[in-house]
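Student: First, the structure itself, so that you have it in front of you.
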Amino acid sequence: MINRVKAYREHQRWSQAELSKKIGVSRQTIIAIERGKFDPSLRVAFKLSQVLAVPLDMLFDPDPLPPNALKTRT
């Protein structure tokens, strides 16, 4: 998953600690999310979206599917 949490956080000029307090998670969780080491729960993802004032689909972009992933078997 590609995420833009760090870019939007920096745009707000917030530290990782400030963002973590605003959404109720640890600073380590923010670090892991920004580095792509941890995919947030839906609750955390929605809170990030709300606090950063960014639509969820702009904040997180799922990995593209392989070219044949949507083809059905015949």
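Student: Please verify whether GLN28 is at pLDDT 95 or above, within 19 Å of MET1 (Cβ to Cβ) and out of contact with any helix residue (DSSP H, G or I) (no Cβ under 6 Å at 6 or more places or on another chain), treating the condition exactly as stated.
Tutor: The answer is yes for GLN28.
Student: Still on this structure, please answer the following. ARG13: charged (D, E, K, R) and crowded, with 19+ Cβ neighbours inside 10 Å, yes or no?
Tutor: So ARG13 fails the test.
Student: Can I ask one more? Tell me yes or no: at least one residue of the range 35-44 is within 15 Å of ARG4 (Cα to Cα), surrounded by 17 or more Cβ atoms within 10 Å (Cβ to Cβ) and without any contact (Cβ under 8 Å) to a residue 24 or more places away in the chain.
Tutor: Yes, the range 35-44 has at least one match.
The values are calculated or read from the model by the stated rules, or taken from the named source; none is laboratory data. These numbers were taken from a predicted model, which means no experiment stands behind them. Cβ coordinates were reconstructed from backbone atoms using ideal geometry, including for glycine residues, and neighbour counts include every protein chain displayed.
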